[in-house]
Amino acid sequence: MSPPLVIPFFIPHQGCPHLCVFCNQRLISGQTSDAQTFDSEAAHLSDVIHTYLQFKKNRSRVELAFFGGNFLGLESSRILALLKAVQPWIHQGQIHSIRCSTRPDTVTPQILDLARPFGLETVELGVQSMDDRVLALAERGHTSEDTRKALALLRESGLKTGAQVMVGLPGDDDSGAVRTAEELAELKPDLARIYPLLVLHGSRLAQWYRSGQYVPLSLDQAVDQTKKMVTIFKGAGISVARIGLQATQMMDDADQMIAGPWHPAFGHLVLSALMFDQACEQIDTILAGRERIGTPGEPKSIVLQVNPRSLSRLQGDRKTNLDRLAHTYPGISFIIERVKPLDIDQVHAYIL
């Protein structure tokens, strides 16, 4: 089944009672306008829906997503106005559900009772970290316990849940990122999104970066931490809906995106790193087996089988994975076979 068409509607830094040290939400969402009147906002929402529905093609499901702000933290009248503006498309069967992103500390029974009848199906929480010290340094204004309570309340309300986390937060490190993923995996959200922290113009973090108080992750460090989190989430059966920020013109503007592990294909880098690790595990198993039975020498050629859709993952960005394999296993040539029955995340190796 093809993934749903997700129509994003951004409400930049609205409904949020805090300004986190890393936040310049207007830049992230690509929006710059302040809150509009209900009528003009509804008209803009209508235009966005019309535009995106042109790209539905053969996808059987369409979701409207309120992203970029703290949706459930908006005034009740504005939440209702936005939800009601979507109803004509829901009644016509053109939009099948609504999702939103929000802060854990704004999830209440009352606000869920207000929104759920209008097609709200999924609520994604801006968790960022499960380490209260890291949350405090980032001035998030909520705690890990708020996340636990919010996830429990959402499940009790019959809603699907998502958790958005970040790597590279001030005060965090590799082990902290892993602990965040492990704690969230135990709480079983339906999906996760993982973003590398970037230093944006106009944020408190930009001041810290310029003074040397904050040092962002390198691209390799961010890929490695994210790879570990993805492994934990997938191992717990949690779908990873997105890895990395969406590319915008702002990301290529050095005056706006000041520093940090930005790459337009960050998700691909992570998935390629995971596939490289898996290929090495397969190869090491083959070599260890030969050693156990006393087979002399190393094989001259090893075949790596992969789903055709995952060929670029196996090869890596600019075929760096192939270069790394050649360096790691000198003297062995690698042949790639495309095998459709294999899962998209799977690679299988055998001696030719």
Considering the range 294-333, residues that are surrounded by 12 or more Cβ atoms within 10 Å (Cβ to Cβ) and part of a loop (DSSP other than H, G, I, E, B), and then whichever is nearest to the chain's Cα centre (by Cα), we arrive at GLY316
By residue number, the members of the range 285-303 that are among the hydrophobic types (A, V, I, L, M, F, W, C) and within 20 Å of VAL347 (Cα to Cα) are ILE286, LEU287, ALA288, ILE302, VAL303
Going by the conditions given, is GLU281 loosely packed, with under 15 Cβ neighbours inside 10 Å, at pLDDT 95 or above, part of a helix (DSSP H, G or I) and out of contact with any Asp or Glu (no Cβ under 7 Å at 6 or more places or on another chain)?
-> yes
Expected single match for touching a residue at least 24 places away in the same chain (Cβ under 8 Å) and under 27 Å from LEU125 (Cβ atoms) among GLY244, GLY316 is GLY244
Taking first residues from the range 119-140 that are within 14 Å of ALA181 (Cα to Cα) and modelled with pLDDT under 95 and second residues anywhere that are in a strand (DSSP E or B) and among the charged types (D, E, K, R), the pairs with Cβ under 9 Å that are 6 or more apart or on different chains are none
Screening PRO216, PRO261 for residues that are in contact with a helix residue (DSSP H, G or I) (Cβ under 6 Å, 6 or more places away or on another chain) and part of a loop (DSSP other than H, G, I, E, B) leaves only PRO261
Across (1) under 30 Å from GLU156 (Cβ atoms); (2) touching a Pro at 6+ places or on another chain (Cβ under 6 Å), ALA185 clears everything bar (2)
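The values are calculated or read from the model by the stated rules, or taken from the named source; none is laboratory data. In this text, all values refer to a predicted model and were calculated from it rather than measured experimentally. Backbone-built Cβ (ideal geometry, glycine too); neighbour counts: all protein chains shown.
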